[in-house]
Amino acid sequence: MSTKEGYTKVERMTGAMRIIHWVNVFSMMVAVATGLYIAEPYYAAFMDEDAVDKYVMAWNRWGHFMVAIIFDVTSIVIAYLYFFSRFEKPYKKLLPNAKNIKEFGAVLVNLFTLNRVKNFDSTHADSFNTVYFAIFHLLIGWMLFTGLQMYVHGLASGLSSVGTWWPTVLHLVTDWTIPVSSFLIGSGPTPSLMDVRISHHITMWLVLAWISFHVYYQVWRTIFWQEGDIAIVVGGSKFVKEDKNGTEA
């Protein structure tokens with residue numbers, strides 16, 4: 001397939017990155033649907049089913065936990081790629097140096113002026129988008145820690161199917177989320193697991209707000225920049241306009 005005259009094809013996402021993206025998309029859908037049910041069941045099993053088949057909450061909790069494990073794995077992979085990817089190293093765009101700050105501001109100006117001012121290179125990931133995705137990963141990380149704290153609370157006996165070491169490790173890794181959650185939601189002087197539940201639920205809505213703007217912004221860039229940004233998560237590439245000398249604009 002030939003590239004349109006005046007445009008240069010630029011690879012923006014590898015196959016592995018696109019797989020992670022879509023795995024996270026479908027996992028997020030399952031996590032939200034099952035999480036809302038766990039918080040407040042909004043449908044019931046058919047009354048004519050046998051009692052043994054009515055484990056509706058159990059199946060929702062199982063599905064929620066399975067996609068949480070997927071998020072655990074992809075989060076570890078993404079954290080590794082942030083620093084050691086041979087394709088690109090996003091952490092460099094997070095550094096608060098003069099170049100990144102200037103680019104971040106330029107992207108914001110471009111967004112607010114509806115593409116009337118575009119003083120940055122859109123060939124590769126810009127600082128604004130990188131910071132925006134870093135916020136998403138922090139939110140997901142918080143969801144994982146608070147979720148595991150609620151999970152280990154169900155192992156109050158200190159036992160699990162793989163031994164006592166698993167609950168012990170989870171307590172060591174996640175117990176700090178109780179006082180932090182209490183501080184974040186301002187619940188009072190006595191932190192409790194309910195603070196974690198509320199924080200976990202509120203963070204879900206923050207993640208959904210993040211996703212809404214993310215989709216909007218990708219469509220926005222596709223319309224205003226006319227570089228095929230929306231196709232990056234499918235084909236991995238976009239098309240950047242060339243200047244009069246034949247180089248990338």
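Just flag the trypsin sites (Lys or Arg not before Pro) in segment 69-173 sitting in loop per DSSP whose Cβ has no more than 11 other Cβ atoms within 10 Å. Don't skip to the end; give the middle numbers.
On the way: sites: 86, 92, 93, 99, 102, 116, 118; in loops: 86, 116, 118.
Those that pass, being in a loop and sparsely packed, are 86, 116.
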Handout entry: Cleavage-rule hits (chymotrypsin sites (Phe, Trp or Tyr not before Pro)) in segment 1-43: DSSP loop, at most 13 neighbouring Cβ within 10 angstrom
Key = 42, 43
Completion exercise
Hydrophobic long helices for the chain, i.e. whole DSSP H runs reaching 20 angstrom or more by Cα along the axis with Kyte-Doolittle mean at least 0.0, come out as 15-39, 56-84, 98-112, 127-153, 193-225
Problem - Furthest towards positive pole of dipole, 222, 149, 139, structure part segment 133-249, Cβ charges - result: 149
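Place a +1 charge on the Cβ of each Lys and Arg in the chain and a -1 charge on the Cβ of each Asp and Glu, then give the dipole magnitude about the Cα centre in debye, rounded to the nearest 20. Write out the running numbers ahead of the final one.
Values: 19 positive and 19 negative charges, 196 e Å.
The dipole of the chain has a size of about 940 debye.
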Handout entry: Debye intensity ratio I(q)/I(0), log10, segment 75-132, q values 0.19, 0.22, 0.26, 0.29 Å⁻¹ (C-alpha model)
Key = -0.69, -0.85, -1.03, -1.17
Fill in the blank from the handout: So residue 16 and residue 124, fully extended at 0.36 nm per residue minus their Cα-Cα distance, gain in nm 37.1 nm
Practice task
Provide, in order from the shortest bin, the percent of all Cα-Cα pairs of segment 66-206 in each 5 Å bin, continuing until the bin that contains the maximum pair distance.
Solution key: 2, 9, 14, 15, 14, 13, 12, 9, 6, 3, 2, 1, 0
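Please return the longest stretch of the chain lacking exposed loop sites, where GluC sites (Glu not before Pro) count only if DSSP places them in a loop and at most 10 other Cβ atoms lie within 10 Å. Display every interim value, and only then the final one.
Numbers: sites that count: 5, 49.
In short, 50-249.
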Practice task
Multiply the residue gap between residue 36 and residue 91 by 0.36 nm, knock off their C-alpha separation, and tell me the result in nm, one decimal place.
Solution key: 16.5 nm
Practice task
With springs only between Cα atoms under 10 Å apart, run a GNM on the chain and tell me which of 224, 65, 104 wobbles the most.
Solution key: 224
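Under the Kirkwood approximation for Rh and a Cα-based Rg, what ratio Rg/Rh is obtained for the chain? Don't skip to the end; give the middle numbers.
Working: Rg = 22.1 Å, Rh = 21.1 Å.
Taking Rg over the Kirkwood Rh, I get 1.05.
Among 169, 233, 107, which comes first, second and so on when ranked by fewest other beta-carbon atoms within 10 Å? Before the final figure, lay out the partial values.
On the way: 169 12, 233 15, 107 22.
Least to most surrounded, the residues fall as 169, 233, 107.
No lab work stands behind these numbers, since they all come straight from the coordinates. Source: prediction; values computed, not measured. Here Cβ is always computed from backbone atoms with ideal geometry, including for glycine, and neighbour counts include all displayed protein chains.
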